[in-house]
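The values are calculated or read from the model by the stated rules, or taken from the named source; none is laboratory data. Here the structure is a predicted model, which means the values were calculated and not measured. Using ideal geometry, Cβ is built from the backbone for each residue, glycine included, and neighbour counts are taken over all protein chains shown. In case anyone asks, the SASA skips ligands and DNA or RNA and just uses the protein heavy atoms, side chains included. Shrake-Rupley method; radii C 1.70, N 1.55, O 1.52, S 1.80 Å.
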Amino acid sequence: MGLFSRDIKTLDDLFVHQLRDIYYAEKQIVQALPEMIEKASDAGLKQGFETHLGETKNHVKRLEQVFKMHGVEAKGVDCPAIDGIIEEADDVAGEVDDNAVLDAALIAAAQAVEHYEMTRYGTLIAWAKQLGRPDCASVLQQNLDEEKAADAKLTTLAERNVNRKAA
Ligand SMILES: [Fe+2]
Ligand SMILES: [Fe+2]
């Protein structure tokens, strides 16, 4: 089902479609993070990825809660955007030889993922409020807050440590 397929007639339909998009994306991120943990050399970065893997598993659970609250089946729809971001991260990581440079590449890739999630959750929260579902919005807000915190942590790691070691 494409974004502008005629199966989507109302804002509510669009909300459910986008919930399914981010649900798929979160599950792909759960699959991708263990490899990033393995590839990271910087101890802080490794730890940061591990923490965010735990949070990401919880994002999946919170989304399942929102599906339930909204009375629709929890299922994913293909999200070529997140597949592309993860694929590009794999490609670049495969090209990097130096461990410190690889850490910088992993941070860049992870921040692309976080920003994708942030834009999706921002929209979903606005739509949930418009649809009269502040309860759904507040569960989604918890995920957004953790994405923002993860992104900020990655910026700090890069600027304090990783970029300098890579230079
Ligand atoms: Fe997430
Ligand atoms: Fe995330």
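Remarks
- Within the range 50-90, the set of residues being of a type in the set (S, T, N, Q) and crowded, with 18+ Cβ neighbours inside 10 Å comprises 56 only.
- Scanning the range 31-49 for residues that are in a helix (DSSP H, G or I), surrounded by 14 or more Cβ atoms within 10 Å (Cβ to Cβ) and acidic (Asp, Glu) turns up just one, 35.
- Only residues that are modelled with pLDDT under 95 and under 12 Å from residue 78 (Cα atoms) were counted in the range 1-49, giving 3.
- Criterion applied to 163, 143 was being part of a helix (DSSP H, G or I), within 16 Å of ligand 1 (Cβ to nearest atom) and at pLDDT 95 or above, and the one residue passing it is 143.
- Inter-residue pairs, beta-carbon under 6 Å, first open to solvent by 70 Å² or more (accessible area, probe 1.4 Å) and in the range 94-109, second outside any helix (DSSP H, G or I), 6+ apart: 99/41
- Selection from the range 121-135 of residues that are assigned to a helix (DSSP H, G or I) and more than 16 Å from ligand 1 (Cβ to nearest atom): 126, 127, 128, 129, 130, 134, 135
- The single condition among (1) of a type in the set (Ser, Thr, Tyr); (2) within 11 Å of ligand 2 (Cβ to nearest atom); (3) over 13 Å from residue 33 (Cβ atoms) that residue 56 does not satisfy is (3).
- Checked against (1) within 11 Å of ligand 2 (Cβ to nearest atom); (2) more than 20 Å from residue 80 (Cβ to Cβ), residue 34 meets all criteria but (1).
- Residues of the range 93-120 that turn out to be within 16 Å of ligand 1 (Cβ to nearest atom) and within 11 Å of residue 158 (Cα to Cα), as a count: 1
- Subset of the range 123-167 [of a type outside the set (Val, Ile, Thr), in contact (Cβ under 8 Å) with a residue 12 or more places away in the chain and either touching a Lys or Arg at 6+ places or on another chain (Cβ under 8 Å) or exposed (fewer than 14 other Cβ atoms within 10 Å of the Cβ) (or both)]: 130, 135, 137, 140, 142, 143
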